[in-house]
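Chemist: If you scroll down you'll find the structure; I have some questions about it.
The values are calculated or read from the model by the stated rules, or taken from the named source; none is laboratory data. The structure displayed is predicted, hence computed values, not measured ones. With ideal geometry, Cβ positions are generated from the backbone for all residues, glycine too; neighbour counts draw on all protein chains shown.
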Amino acid sequence: MKFDLLVRNARTRFSKGKTLDIGIRDGRILKIGQKLGSDAKKKIDAGGKLVTESFINGHLHLCKVYTLSMVGMDALSSYTTGSMGGAMTAIEQAAKVKAHYNEKWIIENVRKAMRLAIKFGNTHIRAFADTDTKAKLEGVKALLRAREEFKDQVEIQVVAFPQDGVVRDPGADQWVEKALDMGADVVGGIPWIEYTDADSQKHVDAMFALAKRYNKDVSMLVDDAGDPGLRTLEKLILKTLEIGWEGRVTAQHARAMALYPEPYYRKIEALLKKARVGVVSDPQTGPLHARVRDLYNAGVGIALGQDDIADAYYPFGRNNMLEVAFLAAHLMWMITVQDMEILYDLITTRAAQAMGIKEYGLKEGNKADLVVLNADSVWEAIWNHEAPLYVIKNGRDITL
């Protein structure tokens with residue numbers, strides 16, 4: 001059996017200590033087994049190290065990376081202080097940078113972040129671009145350009161994102177539509193930022209109308225503040241069911257879930273499962289987070305995201321999902337071996353479920369998107385959160 005690429009002596013999460021060979025042809029995993037021979041154009045010796053699926057980042061504001069110095073530190077304090085009561089203020093402060101938005105400097109920042117993505121084996125990114133009356137299409141243009149430049153290394157899903165609201169920012173919906181005409185992949189939204197429940201519903205309705213017209217998936221930031229009365233996650237789920245968009249919708253943040261009364265949380269959990277709405281949590285970028293472990297145990301598509309890299313909301317970040325998992329282990333006190341296996345799922349298989357990524361996973365027939373880690377186990381991988389020894393995308397070695 002001839003392969004384009006043969007990864008030899010690979011330890012997998014489910015090989016029970018044995019080493020296996022992984023044969024790849026035409027960009028797909030053709031065969032997994034012991035002693036597959038040596039007939040391959042290229043061979044990689046994993047040396048008994050852990051080989052898994054490559055990583056997925058379900059939430060990154062890619063147009064904003066490395067803009068913290070342009071905004072200043074005030075927004076950081078507003079977003080993270082106490083129970084996130086100043087989250088809306090932080091968004092208003094952060095919006096100042098958009099007065100200077102220009103594709104020419106944005107793309108340079110994006111390229112820097114994408115090189116880190118490749119280095120750390122992060123081959124799928126849902127990337128948000130502010131798309132509104134201030135940013136117009138400058139961020140979208142930069143991200144669409146990056147999507148093309150890096151198409152052989154990273155799958156970038158460009159989200160047209162009305163960061164400052166739709167009702168609050170009249171005309172923002174028209175800019176989102178223009179972004180979709182240009183080729184944006186996903187319809188974004190942030191309904192919780194509107195001033196009233198009625199306006200939040202208008203926001204959801206307007207963005208889903210565009211999603212249906214253009215046949216696009218939906219990703220919305222919901223309930224991103226310390227207010228248990230926020231209900232935009234519920235609005236998102238109900239709209240998903242209303243128009244038949246099950247399995248095509250993802251909710252980012254949902255931080256207010258941490259404060260929900262238990263009976264209400266259980267209703268939301270049931271609705272998430274019914275609508276097959278995924279959730280992406282970013283516990284490292286704010287003091288509250290969705291109920292990740294409960295959602296995981298319920299079978300909901302739940303993922304971790306980088307969210308921000310050196311912008312008005314978070315001063316760190318390397319596009320390294322193992323590092324995100326390492327931080328989440330501490331913030332959510334998930335430190336047992338079993339917990340670490342869950343965390344690993346949140347940056348691989350469950351993340352694919354949350355984002356509706358098909359043909360993903362370390363199985364024969366799936367796309368060959370893999371990492372060979374400098375670690376023998378998930379525990380060691382999260383502990384050290386180092387760059388992989390090899391990164392493989394569509395069956396090609398793309399290691400930097």
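Chemist: Using the structure shown, decide if Asp21 is modelled with pLDDT under 95, outside the structural domain of Gln153 (by TED's automatic domain parsing) and over 30 Å from Leu288 (Cα atoms).
Modeler: no
Chemist: Take the conditions assigned by TED's automatic domain parsing to the domain that holds Ile125, among the basic types (Lys, Arg), farther than 16 Å from Val249 by Cα and without any contact (Cβ under 8 Å) to a residue 60 or more places away in the chain and apply them to Lys151. Does it pass?
Modeler: Against the criterion (assigned by TED's automatic domain parsing to the domain that holds Ile125, among the basic types (Lys, Arg), farther than 16 Å from Val249 by Cα and without any contact (Cβ under 8 Å) to a residue 60 or more places away in the chain), Lys151 qualifies.
Chemist: Hey, another quick one. Restricting to region 318-350, give me the number of residues that are touching an Asp or Glu at 6+ places or on another chain (Cβ under 8 Å), closer than 18 Å to Val154 by Cα and not β-branched (Val, Ile, Thr).
Modeler: The qualifying residues number 1.
Chemist: Something else now. Take Val154 and tell me if it is touching an Asp or Glu at 6+ places or on another chain (Cβ under 7 Å), closer than 26 Å to Gly361 by Cβ and surrounded by 21 or more Cβ atoms within 10 Å (Cβ to Cβ).
Modeler: Criteria not met by Val154.
Chemist: Only one of Ala184, Ala209 is among the small types (Gly, Ala, Ser) and free of Cβ contacts under 8 Å to residues at least 24 places away in the same chain. Can you tell me which?
Modeler: Answer to the check: Ala209.
Chemist: Could you pull out the residue among Lys104, Lys96, Lys141, Lys134 that is within 23 Å of Asp311 (Cα to Cα) and free of Cβ contacts under 8 Å to residues at least 12 places away in the same chain?
Modeler: Exactly one of Lys104, Lys96, Lys141, Lys134 is within 23 Å of Asp311 (Cα to Cα) and free of Cβ contacts under 8 Å to residues at least 12 places away in the same chain, namely Lys104.
Chemist: Hey, can you tell me all the residues within region 4-30 that are basic (Lys, Arg), within 29 Å of Leu343 (Cβ to Cβ) and assigned to a strand (DSSP E or B)?
Modeler: Arg8, Arg11, Arg28
Chemist: Out of curiosity, is Val159 within 23 Å of Lys235 (Cα to Cα), surrounded by 20 or more Cβ atoms within 10 Å (Cβ to Cβ) and touching a Gly at 6+ places or on another chain (Cβ under 8 Å)?
Modeler: yes
Chemist: Further question: Could you look through region 37-70, keep only residues that are assigned to a loop (DSSP other than H, G, I, E, B) and of a type in the set (D, E, K, R), and pick out the one that is nearest to Ala142 (Cα to Cα)?
Modeler: Lys49
Chemist: Looking at Val187, Val218, Val204, which is the one that is of a type in the set (A, V, I, L, M) and closer than 18 Å to Met88 by Cβ?
Modeler: Selected residue: Val204, the only one of Val187, Val218, Val204 that is of a type in the set (A, V, I, L, M) and closer than 18 Å to Met88 by Cβ.
Chemist: Which ones in region 305-322 are surrounded by fewer than 21 Cβ atoms within 10 Å (Cβ to Cβ) and more than 16 Å from Ala95 (Cα to Cα)?
Modeler: Matches in region 305-322: Pro315, Phe316, Arg318.
Chemist: Assess whether Ala90 counts as being surrounded by 20 or more Cβ atoms within 10 Å (Cβ to Cβ), more than 21 Å from the chain's Cα centre (by Cα), small (Gly, Ala, Ser) and in a loop (DSSP other than H, G, I, E, B).
Modeler: Taking the combined requirement at face value, the residue does not satisfy it.
Chemist: Would you mind stating whether Lys136 is assigned to a loop (DSSP other than H, G, I, E, B) and on the phi > 0 side of the Ramachandran plot?
Modeler: Yes.
Chemist: Scanning for something among the charged types (D, E, K, R) and either in contact (Cβ under 8 Å) with a residue 60 or more places away in the chain or closer than 19 Å to Val324 by Cα (or both), does region 256-274 turn up at least one residue?
Modeler: no
Chemist: Would you be able to tell me the number of residues in region 368-400 that are closer than 20 Å to Ile24 by Cβ and either touching a helix residue (DSSP H, G or I) at 6+ places or on another chain (Cβ under 8 Å) or surrounded by fewer than 23 Cβ atoms within 10 Å (Cβ to Cβ) (or both)?
Modeler: 11
Chemist: Looking at region 42-69, which of the residues that are in contact with a Lys or Arg (Cβ under 8 Å, 6 or more places away or on another chain) and loosely packed, with under 15 Cβ neighbours inside 10 Å is nearest to Ala251 (Cα to Cα)?
Modeler: For region 42-69, the residue satisfying everything is Gly48.
Chemist: So which of Ser219, Ser200 is assigned to a helix (DSSP H, G or I), within 21 Å of Arg248 (Cβ to Cβ) and of a type in the set (Gly, Ala, Ser)?
Modeler: Residue meeting the stated conditions: Ser200.
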